[in-house]
Each structure stands twice: as structure tokens, then as C-alpha cells.
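S.K.: Here you go, one structure.
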Amino acid sequence: MKSFSSLLILLLFALSSCQQEAQKPLASAEAQQMLQHCLVCHDNKEMQRGPILDGLDEAYMLGQIQKFKLAQRGTHRYDYQGELMATAIKDLNEQDVTQAVALLARRTPRNYLRTVKGDSKMGKDLYEKNCLACHGDSAQGLKEANTGSLAILEDWYLLTQLRNYKSGRRGYHEKDIEGQAMRALVTPLSDQNFKDIVEYISYINLGE
């Protein structure tokens, strides 16, 4: 009887611990507020905005934020969008930002209005030759290559970033290893090549 009572107490304690864990908020009130701060730009409510990041890999987003903070991204004189991002996060609380990013990563990825027109068949060939090794066969991103999902990101943003790499607005810093690799890879490609690749990635995104 004593053993049964002890077992019952242990079970009740375990149940109580699980309930307390389940009741813990996913993030602090400050982080929730920080998320809303991020969504001012990273939503589709403004004409001039950044990309929608819902569902993007958490580690990848944190890595890019770190590059902005270390001036490895967003400091080129003609990267106006990057400069806005670098300025916006400069003095933010790191813990709140980290939790807000976790909340963004948990959100369901959204479909988007396609605005870039290209040849998806040509894009498939170009993607498999130039992109697949680091970004995965479904543009899902690979942790070992520190790449996020391209299939989640909007086509206009992907095209902008490819152009930024080629022009030197991104991938210019010697310590941005991944950025420099991207810049070297896309430099020989044409703008039409970019559109074809983005069209193919959009094709993957919509599951066509």
C-alpha cells in the first residue's frame, strides 16, 4: 500500500510538472511585442516592406541578424533595404529578438502573389547546377550549409537578393563566408538566369 501511495504521488507530481510546462508562455510579453515590431515591415500590410519570414528556419534568421549587427550585411551605400534592417535591430534587446525569431519560425509559411516571370524549365537546370548543393533539392535549405528555405521566401525578394549579390550590395564583407560564396557563384549569371531560377523556386513553393 505504501508503494502504491508513493507511486501515486510521483504520478501526480509528474502530471503537475507537465501542466506547468504546458502553461508556460512560448515567449515573454516583451518578445510578443518585439514580434509585432518586426511585423511592421515583415508583413504584407505596407507597400514598402521587407520579406515575409513566417516559417523560415530559426537558426538561419538569427545568423542573418548577427551579420547585420556585425556590419557584414546592410552597410553597402546602395543597399537601402539592408540599411533599414541594420538600423532597426541595432539597439534591440537580444533575448527579446531571439524569442521573437522563434515565434516567427513557428508561424505557418504563406503563399504569395507571384510577380517574377521566367522560364521554370531553364530555371530547374540552372538551379540544379548552381543552387541545389547548398539549398537542397526542394529549395528547403540545409543546416550544414547554413542556408534557409528559399521556397518560403517571396519571389521579388529572391530576385532582389540575387541582384544584390551580383552588384556587390551583399556578400561584400570578407567575414561573410556564405555571402562571398554566393556572390562568386551568381556573378557569371544573367538577370534572365535569375528570373528563371526564381520562377522555378516559386514553382516548388506552390507545389506545382
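Bear in mind that the values in this text are calculations on the coordinates, not laboratory data. Just so it is clear, the structure is predicted and the values come from calculations on it, not from any experiment. Ideal geometry is used to build each Cβ from the backbone, glycine not excepted, and the neighbour counts take in all protein chains shown.
S.K.: Considering Cα pairs under 8 angstrom that are at least six residues apart, work out the relative contact order of segment 161-204 and quote it in whole percent.
M.R.: That works out to 32 percent.
S.K.: With 21 Å as the limit, write out which pairs from Lys67/Lys143; Lys117/Lys143; Lys67/Lys129; Lys129/Lys195; Lys69/Lys175 have Cα-Cα distances beyond it, or answer none.
M.R.: Pairs exceeding 21 Å: Lys117/Lys143; Lys67/Lys129.
S.K.: With each pseudo-label sitting 7 Å past Cα toward Cβ, what's the Lys117-Ala145 distance in nm, one decimal?
M.R.: Label at Lys117, label at Ala145, 3.0 nm between them.
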